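Inspection log for the structure reproduced underneath, given as structure tokens.
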Amino acid sequence: MPITFPRELPDVGYVTADVVLREGVTASPAASGLINYTQVAPTAWEATLTTRPLLLSQFAEVEAWWLSLRGGLRSVLFRHPHVCYPKAHWQDHGPADDPGNLVSVTDGNVLSVSSVDAALVLTPGDRIGLERSSRYYVGRVTEVAGTDTTRTITVEPPPFATVAQAGAVVRFAKPAILMRPVPDSFQAPRSGRFYTVSFKLVESA
């Protein structure tokens with residue numbers, strides 16, 4: 001079967017899957033003695049993953065997957081392998097499995113969402129996603145309000161304009177973003193018969 005991109009993560013089991021937001025802000029002293037803060041790069045999620053110990057055949061599959069990405073020329077559709085649901089729905093998945101519909105965005109990061117399950121509970125710290133025309137966004141919930149089938153959700157970082165459009169799908173379960181390999185981050189030290197693979201991915205447009 002032909003390989004299609006973006007590719008999903010290999011299903012081999014991960015010991016760690018750390019995802020952090022790189023804000024692209026630098027601080028430098030000004031002549032007045034104050035500190036200037038400057039946005040020098042777009043905000044982007046970065047993922048650092050480490051597999052469980054793998055046999056040679058399993059390691060070979062992961063390496064083949066990595067090589068198919070050609071050092072970052074091809075992309076990954078990343079979904080966190082451990083944190084798949086909002087905190088309130090780790091056991092009761094149903095309300096989160098039902099996606100919502102983005103109605104509007106105000107102040108750059110306040111999402112008005114309709115068509116959600118009335119039983120959906122979101123709390124600060126949960127991640128949600130937006131999808132539109134093969135573009136993806138994941139944000140961290142900082143504030144939420146609403147009842148019945150509507151929610152007003154404040155997220156960080158602010159979603160980019162191409163995906164934050166009325167009609168975008170709002171994902172509460174297994175939100176996805178496009179990522180690419182960080183060059184030279186793939187490592188696979190061997191201990192006896194087992195390989196432990198680690199690598200990094202960074203969000204891409």
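The values are calculated or read from the model by the stated rules, or taken from the named source; none is laboratory data. Remember, it's a predicted structure, so these values are computed and weren't measured experimentally. Every residue, glycine among them, receives a Cβ derived from its backbone with ideal geometry; neighbour counts consider all protein chains shown.
A few remarks follow.
Each row is one residue, and each column tells you yes or no for (1) modelled with pLDDT of 95 or more; (2) touching a Lys or Arg at 6+ places or on another chain (Cβ under 8 Å); (3) surrounded by fewer than 21 Cβ atoms within 10 Å (Cβ to Cβ).
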{"residue": "Gly125", "(1), (2), (3)": "yes, yes, yes"}
{"residue": "Val138", "(1), (2), (3)": "yes, yes, no"}
{"residue": "Thr142", "(1), (2), (3)": "yes, no, yes"}
{"residue": "Thr147", "(1), (2), (3)": "no, no, yes"}
{"residue": "Thr150", "(1), (2), (3)": "yes, no, yes"}
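- Among the residues of segment 98-115, those that are in a loop (DSSP other than H, G, I, E, B) and within 28 Å of Val20 (Cβ to Cβ) comprise Pro99, Asp107, Gly108, Asn109.
- The one condition in (1) in a strand (DSSP E or B); (2) without any contact (Cβ under 8 Å) to a residue 60 or more places away in the chain that Val163 fails to fulfil: (1)
- In segment 19-41, the qualifying residues are those that are surrounded by 12 or more Cβ atoms within 10 Å (Cβ to Cβ) and touching a residue at least 24 places away in the same chain (Cβ under 8 Å), and the one that is farthest from the chain's Cα centre (by Cα) is Glu23.
- Taken together, the residues in segment 56-95 that are of a type in the set (A, V, I, L, M), under 30 Å from Ile3 (Cα atoms) and assigned to a helix (DSSP H, G or I) amount to 5.
- Test result for Ser104, touching a helix residue (DSSP H, G or I) at 6+ places or on another chain (Cβ under 9 Å) and among the hydroxyl-bearing types (Ser, Thr, Tyr): no
- Filtered by the rule that a residue be crowded, with 18+ Cβ neighbours inside 10 Å, over 25 Å from Leu178 (Cβ atoms) and touching a strand residue (DSSP E or B) at 6+ places or on another chain (Cβ under 8 Å), segment 87-123 gives a lone residue, Leu120.
- Of residues in segment 42-66 being aliphatic (A, V, I, L, M) and within 22 Å of His80 (Cβ to Cβ), the one surrounded by the fewest Cβ atoms within 10 Å (Cβ to Cβ): Ala44
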